[in-house]
Amino acid sequence: QVQLVESGGGLVQAGDSLRLSCAASEPTFNNYHMGWFRQTPGKEREFVAAISRSGGSTYYADSVKGRFTISRDNAKNTFYLQMNSLKPEDTAVYYCAADASSYYSLSRYLRIPSNYDYWGQGTQVTVSF
């Protein structure tokens, strides 16, 4: 089966850091563009960050730019979201996702949730004041 398994969420204080991990079940995911999204109850899923298959291109939402870093370790079939200087407004369920359908790593394309083919289960990140 194809699967993305997330870990690293939790309850932290404003200003703290967390690293989210997304482990892929198959090495073939190393050929896919990967993204992180987040969702708060009552709101639509929001783009956070994306990375091209090779890691050569990265994209970030304006709200997290300079604080979050997306990376991947294809040798471990894993990619990450390092979150620094966390704010209460970062509180959300965070999802990792894989784009198995597109060839080009266009910023506009990778910001749209419907363009991704596989999703993790989500991990809760809560940032207290």
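Take the conditions (1) more than 19 Å from GLU44 (Cβ to Cβ); (2) in a loop (DSSP other than H, G, I, E, B); (3) at pLDDT 95 or above; (4) not hydrophobic (A, V, I, L, M, F, W, C); TYR103 misses just one of them, which is (3).
Scanning region 48-59 for residues that are part of a strand (DSSP E or B) and surrounded by fewer than 20 Cβ atoms within 10 Å (Cβ to Cβ) yields one hit, THR58.
For region 73-89, a tally of residues being without any contact (Cβ under 8 Å) to a residue 40 or more places away in the chain and under 14 Å from ALA49 (Cα atoms) returns 0.
Per-residue answers, yes or no, for (1) more than 19 Å from CYS22 (Cβ to Cβ); (2) of a type in the set (S, T, N, Q); (3) open to solvent by less than 40 Å² (accessible area, probe 1.4 Å):
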position	(1), (2), (3)
ASN84	no, yes, no
PRO88	yes, no, yes
ALA92	no, no, yes
ALA98	no, no, yes
SER101	no, yes, no
ARG108	yes, no, no
ILE112	no, no, no
VAL125	no, no, yes
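Residues in region 14-56 that are small (Gly, Ala, Ser), over 19 Å from LEU86 (Cα atoms) and more than 14 Å from the chain's Cα centre (by Cα): SER25, GLY42, SER54, GLY56.
The single condition from (1) of a type in the set (S, T, N, Q); (2) in contact with a helix residue (DSSP H, G or I) (Cβ under 8 Å, 6 or more places away or on another chain); (3) open to solvent by 40 Å² or more (accessible area, probe 1.4 Å) that SER25 fails is (2). Beta carbons closer than 6 Å, at least 6 apart along the sequence or on distinct chains, pair a first residue in region 56-70 that is free of Cβ contacts under 8 Å to residues at least 40 places away in the same chain with a second that is open to solvent by 50 Å² or more (accessible area, probe 1.4 Å) for ARG67/ASN84; ARG67/SER85; ILE70/THR58. Comparison of PHE37, PHE47 shows that the only residue that is in contact (Cβ under 8 Å) with a residue 24 or more places away in the chain and in contact with an Asp or Glu (Cβ under 7 Å, 6 or more places away or on another chain) is PHE37. When GLY15, GLY66, GLY42 are checked against the criterion of being part of a loop (DSSP other than H, G, I, E, B), open to solvent by 30 Å² or more (accessible area, probe 1.4 Å), at pLDDT below 95 and not basic (Lys, Arg), GLY42 stands alone in meeting it. Looking at GLY35, GLY55, just one residue is under 17 Å from ALA98 (Cα atoms) and at pLDDT below 95, and that residue is GLY55.
The values are calculated or read from the model by the stated rules, or taken from the named source; none is laboratory data. Quick caveat, the model's predicted, so the values are computed rather than measured. Neighbour counts are summed over all protein chains in view; Cβ atoms, including those assigned to glycine, are modelled from backbone coordinates with ideal geometry. Surface accessibility is based on the protein's heavy atoms, side chains included, excluding ligands, DNA and RNA. Shrake-Rupley method; radii C 1.70, N 1.55, O 1.52, S 1.80 Å.
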